[in-house]
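Visitor: Below are the structure tokens for one structure; questions will follow.
The values are calculated or read from the model by the stated rules, or taken from the named source; none is laboratory data. Computed from a predicted model, the values in this text were never measured in an experiment. Cβ sites come from the backbone with ideal geometry, for glycine too, and all protein chains shown count toward neighbours.
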Amino acid sequence: MADNALTDLTIAEARERLDRGEVSARELAEAHIAAIEGARALNAFVTETPERAIADAEASDARRRRGESGALEGIPLGIKDLFCTEGVMSTAASGILDGFVPTYESTVSANLFAAGAVMLGKLNLDEFAMGSSNETSHFGPVENPWRRQGDNRALVPGGSSGGSGAAVAGRLCLGATGTDTGGSIRQPAAFCGVVGAKPTYGRCSRWGIVAFASSLDQAGPMARSVRDTALMLGAMAGFDPKDSTSVDIDVPDFEATLEDGVAGLKVGIPAEYSLDETPDDIRALWDEGIAWLRDAGAEPVEVSLPHTAFALPAYHLIAPAEASSNLARYDGVRYGQRVEGEDLIDTYARTRGAGFGAEVRRRILIGTYALSAGYYDAYYLKAQKVRTLVARDFERAFESCDFLLTPTCPSDAFAIGEKSDDPIAMYLNDVLTVPASLAGLPAMSVPAGLSGGGLPLGLQIVARAFDEETMFRAARAIEKAAAFDARPEPRG
Amino acid sequence: MAVDTDTVRRIAMLARLNVPEDELDGLAGELNKILDWMDLLNGADTDGVAPMTAVKPMPLRQRADAVTEGGIAEDLVANAPEAAGAFFAVPKVIE
């Protein structure tokens, strides 16, 4: 079998071929290692781990011969470099963690490896997951494998899980982990034409994932089919006593109900997600999505989420406030880089000034200001109250529907450098993904069509808390109807 | 203008973040733009609304007050920029 035929497989297809003995985990790993070497121009990986991949794959093949197969036995994955991996450098794409080699493994990556997954390497991201374009990485921007028709400029893959999106779309791994704080799985999935799912807050353990905004951060899968994300999430999720916000609730077999369809379900269409600036192609795709679901037996109902417009500013207070607190740990004492100063305080300030990039510094300052004496009530507390209102909106909407359908993003992928001068223009990328994050709800993006410029567009499904099964069923219905089979031109 | 260069200098100090003098002005402008945008929040009526503290309200779990791990001092200092045996080493604090 030719190598590109191996890198083109979905996880489910690879699993079948492995089960039938038509391919070995080692062959799969080798095909992906070659693909990664050939696509370094994308800058999708911070650290490639080919030797680890071969060792993992050989161990997997040995387990399979002994009849011990996990749910992801022999499947080669990329791990976002926000997950701490034992013995493998983990940087959060920040200069301050350059060279940091954890002595422990994050719960989610440990779960994946326990299920038999093979690690290809650590994927690039926005620094500390703060960004929507993967341009804030200390290791440089990631290129989206897609190009706009008639325009050869390199495009952003979205962010913060930009390396994950580019690697999955570019056939450099069969699936990847991402993390989503305000859209960091769904937006890059939409920009790269792949599937990305953020589960309910508390479904996946945050232990060992470098913290950005603890009340919002959730890990989730990115892959090339809805089924693949469902089976990856099944392996990633689960109660973990090491994360106090991990929820002790059974993890259903998401794959088992995937094909149950949407007949008899009500799909809510939130009026407030129709923005003045929504381009016609995205509006048309949304209408098409509604029609697909109606054809599949679902009943569209209009719903209202009246506090939608307040979600983004609330998010951009809460997330930096939590980040400024979380990032206080980078002091040049316990791990990471240190810049010596005149005294201890000066050492802290110099270390942090040199180690953090511009966007991270900006968010630390905003967060520190919002939490400082005299401003806490006006900013942070106000934002947390607005968050309650946003969450209530969803609760009311779910009284009259089973899931929501919206566009994932207000635009398709933009060029590298195009929006980097204006923080607020960049923040607006997340306007349709942030509300579900604030409410902690499961939400995912499915590639559903191409924009006028020939770039992938995603539709977003939002479901009730801990109802990922309905989310996956609806996403599968969209996937079947859309039959999205466009792919980026290979480039080296 | 809520934030001037003195305020940026002060919050940078609170955040233990070295910001070069010639960047203070630009940062004040950026922070003001972001804070102006956040004033949108004042349009939301939050009278009598409790701040959200958890996605799914649940009591914090308790566990037995017992040692669950330990003896990993070597691991803990493995990434320290400077360590002395099993201790983190920092610049002298007291003269």
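Visitor: Name, by its number, the condition in (1) loosely packed, with under 10 Cβ neighbours inside 10 Å; (2) under 25 Å from the mean Cα position of the chain (by Cα) that does not hold for B:Leu40.
Guide: (1)
Visitor: Let me ask something else. Any idea how many residues of the range A:138-158 are touching a helix residue (DSSP H, G or I) at 6+ places or on another chain (Cβ under 6 Å) and more than 16 Å from A:Gly454 (Cα to Cα)?
Guide: Residues meeting the conditions: 4.
Visitor: Still on this structure: Within the range A:95-116, count every residue that is in contact with a Phe, Trp or Tyr (Cβ under 8 Å, 6 or more places away or on another chain), among the small types (Gly, Ala, Ser) and surrounded by fewer than 21 Cβ atoms within 10 Å (Cβ to Cβ).
Guide: Residues meeting the conditions: 1.
Visitor: Here's something else I'd like to know. Quick check on my filter: what residues within the range A:311-336 are within 9 Å of chain B (Cβ to nearest Cβ), assigned to a helix (DSSP H, G or I) and over 23 Å from the mean Cα position of the chain (by Cα)?
Guide: A:Ala328
Visitor: Something else about it: Which members of the range A:207-223 meet the condition of being more than 13 Å from every other protein chain (Cβ to nearest Cβ) and part of a strand (DSSP E or B)?
Guide: Correct list: A:Ile209, A:Ala219, A:Gly220, A:Pro221, A:Met222, A:Ala223.
Visitor: Here's a follow-up. Suppose the filter is of a type outside the set (Lys, Arg) and facing chain A (nearest Cβ under 8 Å); does B:Pro59 pass it?
Guide: Criteria not met by B:Pro59.
Every residue, every condition in (1) among the aliphatic types (A, V, I, L, M); (2) within 21 Å of A:Glu259 (Cβ to Cβ), yes or no:
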| residue | (1), (2) |
| --- | --- |
| A:Ala436 | yes, no |
| A:Leu441 | yes, no |
| A:Val446 | yes, yes |
| A:Leu455 | yes, no |
| A:Ile461 | yes, yes |
| A:Ala465 | yes, no |
| A:Phe472 | no, yes |
| A:Ala475 | yes, yes |
| A:Ala481 | yes, yes |
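Visitor: Okay, moving on. Suppose we filter the range A:169-206 for residues that are of a type in the set (Lys, Arg) and either outside any loop (DSSP other than H, G, I, E, B) or at positive phi (or both); how many remain?
Guide: Summing the residues that are of a type in the set (Lys, Arg) and either outside any loop (DSSP other than H, G, I, E, B) or at positive phi (or both) in the range A:169-206 gives 3.
Visitor: Shifting gears a bit: Being farther than 15 Å from A:Met119 by Cβ and part of a loop (DSSP other than H, G, I, E, B) is the filter here, so list the residues in the range A:1-51 that pass it.
Guide: Listed by number, the residues that qualify are A:Met1, A:Ala2, A:Asp8, A:Leu9, A:Thr10, A:Arg20, A:Gly21, A:Glu22, A:Val23, A:Ser24, A:Ala39, A:Asn43.
Visitor: Kindly provide the set of residues from the range B:3-46 that are outside any helix (DSSP H, G or I) and at the interface with another protein chain (Cβ under 9 Å from one of its Cβ atoms), ordered by number.
Guide: If the condition is that a residue be outside any helix (DSSP H, G or I) and at the interface with another protein chain (Cβ under 9 Å from one of its Cβ atoms), then B:Val3, B:Ala15, B:Arg16, B:Leu17, B:Asn18, B:Val19, B:Pro20, B:Ala44, B:Asp45, B:Thr46 are the ones that fit.
Visitor: List the number of the failed condition for A:Tyr369; all other conditions in (1) buried (at least 24 other Cβ atoms within 10 Å of the Cβ); (2) without any contact (Cβ under 8 Å) to a residue 24 or more places away in the chain; (3) more than 7 Å from chain B (Cβ to nearest Cβ) hold.
Guide: (3)
Visitor: Another one. I'd like the full set of residues that are at the interface with another protein chain (Cβ under 7 Å from one of its Cβ atoms) and small (Gly, Ala, Ser), limited to the range B:62-82.
Guide: B:Ala78, B:Ala80
Visitor: Give the residue that is nearest to A:Leu317 (Cα to Cα), with candidates limited to residues of the range A:372-389 that are more than 7 Å from chain B (Cβ to nearest Cβ) and not in a helix (DSSP H, G or I).
Guide: So, considering only residues that are more than 7 Å from chain B (Cβ to nearest Cβ) and not in a helix (DSSP H, G or I), the one nearest to A:Leu317 (Cα to Cα) is A:Tyr375.
Visitor: Taking A:Glu340 as the residue in question, decide whether it is surrounded by fewer than 19 Cβ atoms within 10 Å (Cβ to Cβ), facing chain B (nearest Cβ under 9 Å) and modelled with pLDDT under 95.
Guide: yes
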